[in-house]
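Participant: I have a structure here, written as structure tokens, and I will follow up with some questions on it.
The values are calculated or read from the model by the stated rules, or taken from the named source; none is laboratory data. Because the structure is a prediction, the values reported are computed rather than measured. Counting neighbours? That spans all protein chains shown, and the Cβs are built from the backbone with ideal geometry, glycine included.
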Amino acid sequence: MQFIGNRYEILDYDDEIQVGKLYTARDTYYNRTVYIKLIKNVEKLRIGFMPDLIDESTVLSQINSEHIGKLLHIDVHCTEYDVYYYIVSEYFRGESLKNFMYNNILDRNTIASLAMNIVKALEIANINHLYHGSLNPNNIFIDENKNIKIFDFGITKANKGVNLRLDKELSYLCPHQLNIDYTDKESDFFSFGIILFEMVFRDLPFGNAYIDKEMLKQVDKGVRWSLLEYDKSVEDIVKIIKKLLSRDNKYNTTQEIVIDLSNIIYEGVELEENSEEGTVKLNVEVDKVDADMAAIIYVGPMERDVEFKVIPKMETLTLVQAIEDEVEEIVPEDESEEVEIEEENLAVVADNEKSSNNVILIIAGVAVVVAIGAVVIVKAKKK
């Protein structure tokens, strides 16, 4: 039996507890299951780490995200020979993405869906001026329903942006982390590209090394794409990976990644982004227009999918009522008049003239986050 801080009983260790590894533990104070990680006072640890991490935990506690693990407790654990920091996080019933990807055959849709959930976490973090800085498949957990939760947010930022190299593995670090110990949101994009590469190829794009300079040399050599063999079905995912790992033609925002992943997840959907108006238009082909039709839109700043049910009325499709409770509160049910929101917020257009090739146009902009009340659907003009 191994206790940390005279409070947390480690449940899943072998002979010894490793620094930097996430363990399952029982909180004897509250009789609950948690995750716990030990951090040793290593060379990379910066002065002020402990109080800064407490500050980061406060920020994280205010983020209500299903994809970001909350920090519950931070303290010091002393042994006869060493002093450790320990970090306690909320429990999430599942396994690491590392185990999951090597124990299962991941198809195109599974990879794209998992990738989208990771991007959702990064997006809500960016909105709150956070980055991860040590993203890897060992701190991403997945449950039986393929929901994911990412742990260790706040550790690198609390350490003045310096990655602690807790797992002694450098293969998920970006070039400027290896070169000058600088971390930003682009670091997360690069790490995410490596994780996505590993999901597709079950291998690391740049191999591994245990010295920063050696790892940087391997990254600088780049990926020899011409030598890689992969199924054509994942070609669009490979294009995303190439862009995530690129030094030049790279992603600048999480929204750009979301759009490319949406092209895969919603196959047959054409997406058009208008950066000036802050909108994204989705052209969706459907077999028919009926009462069972619904649209699910991921709204980034709300950090969740919002489902809208299409209700046909007479010769036109008139109103889409938001199923989400939070959205319903914005427009009371007893309000008799339909509220029209501006066209750049959200509009769905269905052409009843086409029996087997109807088109729904969904325009979802950032303004939807604060202004979703109702959705107006009008009949498309005859061509």
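Participant: Taking the conditions exactly as written (surrounded by fewer than 21 Cβ atoms within 10 Å (Cβ to Cβ) and closer than 25 Å to ILE63 by Cα), does LYS213 satisfy them or not? First the steps, then the outcome.
Facilitator: Working: surrounded by fewer than 21 Cβ atoms within 10 Å (Cβ to Cβ): yes; closer than 25 Å to ILE63 by Cα: no.
Spelling it out, it is not the case that LYS213 is surrounded by fewer than 21 Cβ atoms within 10 Å (Cβ to Cβ) and closer than 25 Å to ILE63 by Cα.
Participant: Would you mention how many residues in segment 125-165 are of a type in the set (Asp, Glu) and at positive phi?
Facilitator: We begin by selecting, within segment 125-165, every residue of a type in the set (Asp, Glu); these are 143-144, 152.
Applying the additional criterion that residues be at positive phi yields 152.
The total comes to 1.
Participant: Which of (1) over 29 Å from ASN263 (Cα atoms); (2) assigned to a helix (DSSP H, G or I) does ILE241 not meet, given it meets every other one?
Facilitator: (1)
Participant: Can you find even one residue in segment 49-60 that is part of a loop (DSSP other than H, G, I, E, B), assigned by TED's automatic domain parsing to the domain that holds ALA25 and either of a type in the set (A, V, I, L, M, F, W, C) or touching a residue at least 40 places away in the same chain (Cβ under 8 Å) (or both)? Spell out how you get there, then give the answer.
Facilitator: Of the residues in segment 49-60, the ones part of a loop (DSSP other than H, G, I, E, B) are none.
Within segment 49-60, none of the residues are part of a loop (DSSP other than H, G, I, E, B), assigned by TED's automatic domain parsing to the domain that holds ALA25 and either of a type in the set (A, V, I, L, M, F, W, C) or touching a residue at least 40 places away in the same chain (Cβ under 8 Å) (or both).
Participant: Take the residues in segment 89-106 that are touching a residue at least 24 places away in the same chain (Cβ under 8 Å) and within 16 Å of ILE195 (Cα to Cα), then tell me which one is nearest to the chain's Cα centre (by Cα).
Facilitator: Taking the candidates together, the pick is LEU97.
Participant: If we keep just the residues of segment 52-90 that are in contact with a helix residue (DSSP H, G or I) (Cβ under 8 Å, 6 or more places away or on another chain) and of a type in the set (Asp, Glu), which is surrounded by the most Cβ atoms within 10 Å (Cβ to Cβ)?
Facilitator: GLU56
Participant: How do the strands (runs of 3 or more DSSP E) wholly within segment 1-48 filter down when requiring 1 or more residues that are free of Cβ contacts under 8 Å to residues at least 60 places away in the same chain and surrounded by fewer than 17 Cβ atoms within 10 Å (Cβ to Cβ): which remain? Break it down stepwise before answering.
Facilitator: Working: elements: 2-4, 8-10, 23-27, 32-40.
Once the strands (runs of 3 or more DSSP E) in segment 1-48 are filtered for at least 1 residues that are free of Cβ contacts under 8 Å to residues at least 60 places away in the same chain and surrounded by fewer than 17 Cβ atoms within 10 Å (Cβ to Cβ), what remains is 2-4, 8-10, 32-40.
Participant: Can you work out which of the residues in segment 117-174 that are assigned to a helix (DSSP H, G or I) and of a type in the set (S, T, N, Q) is surrounded by the most Cβ atoms within 10 Å (Cβ to Cβ)? I'd like the intermediate steps shown before the answer.
Facilitator: Step one: of segment 117-174, the residues assigned to a helix (DSSP H, G or I) are 117-127, 155-158.
Next, only the ones that are of a type in the set (S, T, N, Q) stay: 117, 126, 156.
On the way: ASN117: 18, ASN126: 16, THR156: 24.
Across segment 117-174, the extreme among qualifying residues is THR156.
Participant: Same structure, new question: Does ASN252 count as in contact (Cβ under 8 Å) with a residue 40 or more places away in the chain, closer than 24 Å to ALA125 by Cβ, polar (S, T, N, Q) and surrounded by fewer than 17 Cβ atoms within 10 Å (Cβ to Cβ)?
Facilitator: Values: in contact (Cβ under 8 Å) with a residue 40 or more places away in the chain: no; closer than 24 Å to ALA125 by Cβ: yes; polar (S, T, N, Q): yes; surrounded by fewer than 17 Cβ atoms within 10 Å (Cβ to Cβ): yes.
No: the conditions fail for ASN252.
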